[in-house]
């Protein structure tokens, strides 16, 4: 059976997203929990996993740098799918009714639930841990008198026999995370045979920052051919101070010839260009974890 990695352990938002994606596929994957994002991507590159699902951007906290940096450095990976996953957090305790002294979670959910915490538990200490699932586990093995609570998925709480005292506690109802399903470039056709339509592509390029107007010229290659760019992000190129790599999210236009012309124009104006595939966008509507 095919195997797909996710950021573990069981009970994380990444696992919930991976389970949802699996249910949409004609051929599901065996899901494998990985210790961190870099480990799961590396396992795909080495052929130890067939695919992995990694977060790339949160609507509140912004980009996931390790995912972008790994894509920037690898020509062996392709994006098979994008999944937009609604993020919903719950507050879990070992026993209801105990005064909450400390709230544990990953750094992002702590930030995403800041107003809820201030309004309901202003005196509680906050502690960032490696994952929401790890927070749930720490609460489960603690003493009730410690007054610990975890912000996590409902599944993480249920796996650790915790009680939910607050559901959907995120400050913004439209909080969501974009995930990429990554596969090896030499296996992308084999693993995406069920895909009928593609919606987007990602362009990664480095331009000469000393050349005035070069970024504008790159963007004009898209604009003048009516190719819509939905997002631009920059990351240090790691080759010198002030040198950057740009990530461009682009909608696939109806006219393929216009896209190919834009691609060639960007390639001419870039030091290098990488295009890790065209892919569909899946929206997980009204999901609850």
- [ ] Collect the residues in segment 206-223 that are surrounded by 12 or more Cβ atoms within 10 Å (Cβ to Cβ) and either assigned to a helix (DSSP H, G or I) or free of Cβ contacts under 8 Å to residues at least 24 places away in the same chain (or both), keeping them in residue-number order.
- [x] 214, 215, 217, 218, 219, 220, 221, 222, 223
Task: Flag if residue 66 is in contact with a helix residue (DSSP H, G or I) (Cβ under 6 Å, 6 or more places away or on another chain), farther than 27 Å from residue 157 by Cα, outside any loop (DSSP other than H, G, I, E, B) and outside the structural domain of residue 248 (by TED's automatic domain parsing) - done: yes
- [ ] Considering each residue of segment 155-205, count those that are under 20 Å from residue 14 (Cβ atoms), at pLDDT 90 or above and part of a loop (DSSP other than H, G, I, E, B), and give that number.
- [x] 5
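Suppose the filter is crowded, with 17+ Cβ neighbours inside 10 Å and on the phi < 0 side of the Ramachandran plot; does residue 250 pass it?
Answer is yes for this residue.
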Open item on the list: Of everything in segment 70-95, what is in contact (Cβ under 8 Å) with a residue 40 or more places away in the chain and either out of contact with any strand residue (DSSP E or B) (no Cβ under 6 Å at 6 or more places or on another chain) or assigned to a loop (DSSP other than H, G, I, E, B) (or both)? Give them in sequence order.
Closed with: 71, 75, 76, 87, 88, 89, 94, 95
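The values are calculated or read from the model by the stated rules, or taken from the named source; none is laboratory data. Values in this document were obtained by computation on a predicted structure and should not be read as measured data. FYI the Cβ positions are ideal-geometry reconstructions off the backbone, even for glycines, and counts take in every protein chain you see.
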